[in-house]
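Written below as structure tokens is the structure these notes are about.
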Amino acid sequence: RILTDDIPLDSIVLNDSIAASLDSVKRWTPEILSKSSPESEAFSRAYEESEEYNLTMLPPPSEGILFYPPLNGNIVKSYAPQNKMYGIEIQAARMSSASSVLDGTVVSITHTISNGYVMVIQHNNNYMSVYGNIGECMRQVGDNVLAGERIGRVGTTMNDVLHFELWANGTSIDPQRYIAF
């Protein structure tokens with residue numbers, strides 16, 4: 001009878017000290033919640049208007065997207081944008097292969113003495129991934145790559161750490177929140 005809401009309220013017996021204070025609650029009805037005050041309606045309207053174009057109201061950027069890990073290894077530096085660390089660093093065995101996290105197109109490859117080759121891949125849905133400290137590139141600018149496909153070997157004369165960044169709509173995001181390492 002409880003599940004079908006077939007018990008009259010008078011049949012419920014309250015035998016504690018709180019029961020005496022609940023006499024006033026018996027006059028309370030659920031219809032009170034369905035009516036909103038003019039102030040509440042004005043507040044709701046103002047809030048909805050202020051949030052109408054707020055991008056933080058969108059779902060998380062990776063919803064429904066499966067990211068492949070760029071490399072198997074231990075994370076030695078975490079994402080810390082407040083310290084200008086817009087990605088993570090993953091310790092790798094010398095000359096390990098780095099892989100693309102999603103299907104995409106190689107849009108840039110640059111080389112520096114301290115970071116080796118830095119490869120940038122543009123993906124669908126305005127995602128971009130950056131792979132730094134590549135010792136040997138296996139792809140060229142303009143090449144299409146598949147998710148999980150090898151794009152280069154990690155390691156330079158400086159160290160064997162892959163620097164990896166993930167960007168969505170021009171904003172850096174923490175790769176550890178979206179990829180299982």
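The values are calculated or read from the model by the stated rules, or taken from the named source; none is laboratory data. All figures in this text were calculated on a predicted structure; none of them were measured in a lab. Note that we place each Cβ from the backbone using ideal geometry, even for glycine, and neighbour counts take in every protein chain shown. When the accessible area is computed, the model is the full protein with side chains, heavy atoms only, and any ligands, DNA or RNA have been set aside. Shrake-Rupley method; radii C 1.70, N 1.55, O 1.52, S 1.80 Å.
How many residues are crowded, with 17+ Cβ neighbours inside 10 Å and among the β-branched types (Val, Ile, Thr) when one looks only at region 80-130?
Number satisfying all stated conditions: 9.
Within region 84-92, does at least one residue satisfy the condition of being in contact (Cβ under 8 Å) with a residue 40 or more places away in the chain, over 15 Å from Val161 (Cα atoms), of a type in the set (Val, Ile, Thr) and out of contact with any Ser or Thr (no Cβ under 7 Å at 6 or more places or on another chain)?
Scanning region 84-92 turns up no residue that is in contact (Cβ under 8 Å) with a residue 40 or more places away in the chain, over 15 Å from Val161 (Cα atoms), of a type in the set (Val, Ile, Thr) and out of contact with any Ser or Thr (no Cβ under 7 Å at 6 or more places or on another chain).
If you check Arg177 against the conditions, is it closer than 15 Å to Pro69 by Cβ and either open to solvent by less than 70 Å² (accessible area, probe 1.4 Å) or not acidic (Asp, Glu) (or both)?
Taking the combined requirement at face value, the residue satisfies it.
Any idea which residue in region 161-174 is farthest from the chain's Cα centre (by Cα), counting only those that are surrounded by fewer than 18 Cβ atoms within 10 Å (Cβ to Cβ) and touching a residue at least 60 places away in the same chain (Cβ under 8 Å)?
Among those residues, the one meeting the criterion is Asn169.
Rundown of residues vs (1) closer than 20 Å to Met95 by Cβ; (2) in a loop (DSSP other than H, G, I, E, B); (3) at pLDDT below 95, yes/no style:
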site	(1), (2), (3)
Tyr131	yes, no, no
Val141	no, yes, no
Ile151	yes, no, no
Asn159	yes, yes, yes
Leu166	no, no, no
Gln176	no, no, yes
Phe181	yes, yes, yes
